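The values are calculated or read from the model by the stated rules, or taken from the named source; none is laboratory data. Predicted, not measured: the structure shown is a model, and the values here were computed from it. Positions of Cβ are generated from backbone atoms using ideal geometry, with glycine treated the same way; all protein chains shown enter the neighbour counts.
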Amino acid sequence: MNNLKNDKILEVLVISQFIKDMSFENFRTSEKSLKDINYKLNINVNIEKEEDIISNVVLHLFCEASDKIGSIYILEIQYGGSFKINFPKNEDKRRVLMVDCPNLLFPFLRRLAYDITKEGGFSPLNINPLDFSSVQDKT
């Protein structure tokens, strides 16, 4: 990814992508018809080694599915990537780590959540696309 800014080039290289941690707690697989499922969904962005040339960005997804009887399943995934970023300014790097890198990782995390819930015996969890540029940085 290149972005011209003040005659300098911002370069982002994806070194690797990885599942850092994953948990799927399945409480009620034996029930065939689950109705009126409520989902609590939370996605956080964590940055590791921000000051280094190679930084890690980890998306932490937490989803709890429940109905009026109780919990159905809990899914937690920490999906990350290592990125080498050559940047002209430090504030450019922060934006890339908080917006551009999560935007690159999110489709893979989304697919993992879909596949895990489907293979777990439930309707697939279909998370709407998310644009991290609209999410407020709370650090």
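When you scan region 88-105, do you find a residue that is surrounded by fewer than 13 Cβ atoms within 10 Å (Cβ to Cβ), of a type in the set (D, E, K, R) and more than 19 Å from S133 (Cβ to Cβ), even just one?
For region 88-105, residues surrounded by fewer than 13 Cβ atoms within 10 Å (Cβ to Cβ), of a type in the set (D, E, K, R) and more than 19 Å from S133 (Cβ to Cβ): absent.
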What number of residues within region 51-72 are out of contact with any helix residue (DSSP H, G or I) (no Cβ under 7 Å at 6 or more places or on another chain) and either buried (at least 21 other Cβ atoms within 10 Å of the Cβ) or β-branched (V, I, T) (or both)? 6
Within region 10-42, tally of residues that are touching a helix residue (DSSP H, G or I) at 6+ places or on another chain (Cβ under 8 Å), hydrophobic (A, V, I, L, M, F, W, C) and closer than 19 Å to R110 by Cα: 4
Tabulated pairs, region 93-114, first modelled with pLDDT under 90, second surrounded by 21 or more Cβ atoms within 10 Å (Cβ to Cβ) and in a helix (DSSP H, G or I), C-beta under 6 angstrom, 6+ apart or interchain: none
Conditions (1) in a loop (DSSP other than H, G, I, E, B); (2) of a type in the set (A, V, I, L, M, F, W, C); (3) over 26 Å from P124 (Cβ atoms): number failed by V12: (1)
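Give region 15-45 a look and list any residue that's part of a strand (DSSP E or B), polar (S, T, N, Q) and either in contact (Cβ under 8 Å) with a residue 40 or more places away in the chain or touching a His at 6+ places or on another chain (Cβ under 6 Å) (or both), or say none.
S16, Q17, S23, N26, N44
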